[in-house]
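Data block below; observations after.
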Amino acid sequence: QVQLVESGGGLVQTGARLRLSCTASGGTFSRYAMGWFRQTAGKEREFVASISWSGGTTYYADSVKGRFTISRDTAENTVHLQMNSLNPEDTAVYYCAADPWGRVRHGTADYDYWGQGTQVTVSS
């Protein structure tokens, strides 16, 4: 069973930077496409970024393009989300997700495994 554990969330001010990490265990991380999603109370979980199994292909939501960067470290079974120029609209619980089929997709239904989430709060 694949397990994903996120870390790195916290409370920051507008304009700050944060780096989220997600460590995978129990599966073949090197074959998985990975994604980051976020969710606020009363709203659906939304796509943030995804990365192919090789790391060679990445996709971003328009709202974070140019500010966030997704990367992976296969040796450490970890995927990162570097978040710069944070603003209050980025406040959410951030979830890491894995697709063992290696497809780089944008929908929540495309991912089989999910972490428990990490809270990011950006104050104005």
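The values are calculated or read from the model by the stated rules, or taken from the named source; none is laboratory data. On a predicted model such as this, the values are computed, not experimentally measured, just so you know. As a convention, Cβ positions derive from the backbone with ideal geometry for all residues, glycine included, and neighbour counts pool all protein chains shown. With ligands, DNA and RNA removed, areas are computed over all heavy atoms of the protein, side chains included. Shrake-Rupley method; radii C 1.70, N 1.55, O 1.52, S 1.80 Å.
So, restricting to strands (runs of 3 or more DSSP E) that lie completely within the stretch 1-69, which ones have at least 1 residues that are surrounded by 15 or more Cβ atoms within 10 Å (Cβ to Cβ) and not aliphatic (A, V, I, L, M)? Break it down stepwise before answering.
Working: elements: 3-7, 10-13, 18-25, 33-39, 46-51, 58-60.
Qualifying strands (runs of 3 or more DSSP E): 3-7, 18-25, 33-39, 46-51, 58-60.
Is it true that SER85 is over 14 Å from the mean Cα position of the chain (by Cα), modelled with pLDDT of 95 or more and outside any strand (DSSP E or B)? Full working, then the answer.
On the way: over 14 Å from the mean Cα position of the chain (by Cα): yes; modelled with pLDDT of 95 or more: yes; outside any strand (DSSP E or B): yes.
Against the criterion (over 14 Å from the mean Cα position of the chain (by Cα), modelled with pLDDT of 95 or more and outside any strand (DSSP E or B)), SER85 qualifies.
Please work out which residue is farthest from ARG19 (Cα to Cα), limiting yourself to the stretch 106-119 and to residues that are surrounded by fewer than 22 Cβ atoms within 10 Å (Cβ to Cβ) and aromatic (Phe, Trp, Tyr).
Among those that are surrounded by fewer than 22 Cβ atoms within 10 Å (Cβ to Cβ) and aromatic (Phe, Trp, Tyr), it is TYR113.
Considering only the stretch 72-79, I want to know if a residue exists there that is open to solvent by less than 60 Å² (accessible area, probe 1.4 Å), more than 11 Å from the chain's Cα centre (by Cα), over 20 Å from ASP110 (Cβ atoms) and in contact (Cβ under 8 Å) with a residue 60 or more places away in the chain.
Looking through the stretch 72-79, none of the residues is open to solvent by less than 60 Å² (accessible area, probe 1.4 Å), more than 11 Å from the chain's Cα centre (by Cα), over 20 Å from ASP110 (Cβ atoms) and in contact (Cβ under 8 Å) with a residue 60 or more places away in the chain.
Of all residues in the stretch 88-105 being over 12 Å from VAL12 (Cα atoms), in contact (Cβ under 8 Å) with a residue 60 or more places away in the chain and not in a strand (DSSP E or B), which is least open to solvent (accessible area, probe 1.4 Å)?
If we take residues in the stretch 88-105 being over 12 Å from VAL12 (Cα atoms), in contact (Cβ under 8 Å) with a residue 60 or more places away in the chain and not in a strand (DSSP E or B), then GLY102 is least open to solvent (accessible area, probe 1.4 Å).
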